[in-house]
Amino acid sequence: MNDSLKQTSIHKTTWLVPFVCLLAGGALTGISTNVAKYAIDVGLTPLGFLFWSITGAAVILLMVALIRKELPPLNARSLEYYFVAALVSVAAANLLLFSAIPHVGAGFVALILSLPPLLTYLGALILRIEKFYIVRALGVIAALIGAGALAIHKFSAPDSSVFWILIALCGPVLLAIGNIYRTLRWPDNASSGALAPGMLIAAALLLGLFSMMSDFSIAVPLDLENWLPLSMIAIQACVFAGQFLLLFLLQKTGGPVLLSLLGAVGAIVGVPVAIFLQGESPPEGLFLGATLIAIGVALVTWGGVKIARVKEEV
């Protein structure tokens, strides 16, 4: 009886931890795009907002790592991991997305963050990180069709900017590459709590270097009577800290494909926030797209549970 209860507990942990990380991390992803839009509206530049938010998140996670005695490892392998992952998954991807938000809207950016699953799944199959499972494949396809339908409506809108739509679409491509890279190059015996601050510190350094080598400024407008810019940075720093800590935990427990569905959950959260709190017009085809995305998340999660059960039985 005790063995049976123990196995049930292990089974629940196997799927419950990544599922909770998926929902919480996805919600923070959706909130992040809306905070970014509001921050840019109050005078922050995309680069400045991203740099200081990432720096704040790095400080928060480094403090957590110190308390838990999980300092980021410092060796050639981990340094490579920090900087490559930071460039692809944080600095470049978020800078493109944040820069596109004023031109295409926070709702659209939240929606296209559901696109990485197909690219991640294809890459994982090619590199033999994942085996082909029909349920998960159908889930990824459903999420992609939903996001694709919404993207097509956006392209056909009379006031759409093709350039900024394409810039925004580059973000999910980089995120998918990052999902694969972090899985393949995860340093041996390193915890998610140690790797997350290392990656964010590297991202802040890369963004600061980019600012020095370009005409883009990271300056923050300081006004004693207007604390909104600093408030937005503080909020986004906390959101990023939670988002990336959950991202690494999900990567460790759920794999790259389940990880890529963070964007799909983010779309379900981020679009209503953009519509009801920021006054954006609902994207055409929203109901169909959101429904397909939700079905995709459910199928991929269910497929992951079935895979976990098979592994336990073996």
Review point. Within region 277-288, is there a residue that is among the hydroxyl-bearing types (Ser, Thr, Tyr) and either within 15 Å of Val109 (Cα to Cα) or at pLDDT 80 or above (or both)?
Key: yes
Check your understanding: Here are Ala267, Ala237, Ala219: which of them is under 15 Å from the mean Cα position of the chain (by Cα) and either of a type outside the set (A, V, I, L, M, F, W, C) or modelled with pLDDT of 85 or more (or both)?
Key -> Ala237
Review point. Is it the case that some residue within region 74-94 is in a loop (DSSP other than H, G, I, E, B) and within 21 Å of the chain's Cα centre (by Cα)?
Key: no
Exercise for review: Determine which member of the set Ala194, Ala203 is within 20 Å of the chain's Cα centre (by Cα), part of a helix (DSSP H, G or I) and at pLDDT 90 or above.
Suggested key: Ala203
Point to revise | Every residue from region 41-91 that is surrounded by fewer than 20 Cβ atoms within 10 Å (Cβ to Cβ), in contact with a Pro (Cβ under 9 Å, 6 or more places away or on another chain) and more than 25 Å from Arg182 (Cα to Cα) | key: Asp41, Val42, Gly43
Practice item. Considering every residue within region 141-148, establish whether at least one is at pLDDT below 85, outside any helix (DSSP H, G or I) and surrounded by fewer than 19 Cβ atoms within 10 Å (Cβ to Cβ). Key: no
Review point. Can you find a residue in region 196-203 that is crowded, with 19+ Cβ neighbours inside 10 Å, in contact with a Cys (Cβ under 9 Å, 6 or more places away or on another chain) and of a type in the set (Gly, Ala, Ser)?
Key: no
Review point. Regarding Phe98, is this residue buried (at least 24 other Cβ atoms within 10 Å of the Cβ), out of contact with any His (no Cβ under 8 Å at 6 or more places or on another chain), modelled with pLDDT under 90 and of a type in the set (Phe, Trp, Tyr)?
Key: no
Practice item. Mind listing whichever residues of region 265-294 are farther than 14 Å from Ala151 by Cα and either buried (at least 17 other Cβ atoms within 10 Å of the Cβ) or touching a strand residue (DSSP E or B) at 6+ places or on another chain (Cβ under 9 Å) (or both)? Key: Val265, Gly266, Ile268, Val269, Gly270, Pro272, Val273, Ala274, Ile275, Glu280, Ala294
Point to revise | Pairs, first in contact (Cβ under 8 Å) with a residue 24 or more places away in the chain in region 275-288, second outside any helix (DSSP H, G or I), C-beta under 7 Å, six or more apart | key: Ile275/Pro282; Glu280/Gly105
Revision key, fill the gap. The correct count of residues that are over 17 Å from Leu262 (Cα atoms) and either under 19 Å from the mean Cα position of the chain (by Cα) or without any contact (Cβ under 8 Å) to a residue 40 or more places away in the chain (or both) in region 103-121 is 2
Check your understanding: Would you call Ala86 of a type in the set (A, V, I, L, M, F, W, C), modelled with pLDDT of 90 or more and touching a Leu at 6+ places or on another chain (Cβ under 7 Å)?
Key -> yes
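The values are calculated or read from the model by the stated rules, or taken from the named source; none is laboratory data. Small disclaimer: the values here were computed from a predicted structure and weren't measured. Every residue, glycine among them, receives a Cβ derived from its backbone with ideal geometry; neighbour counts consider all protein chains shown.
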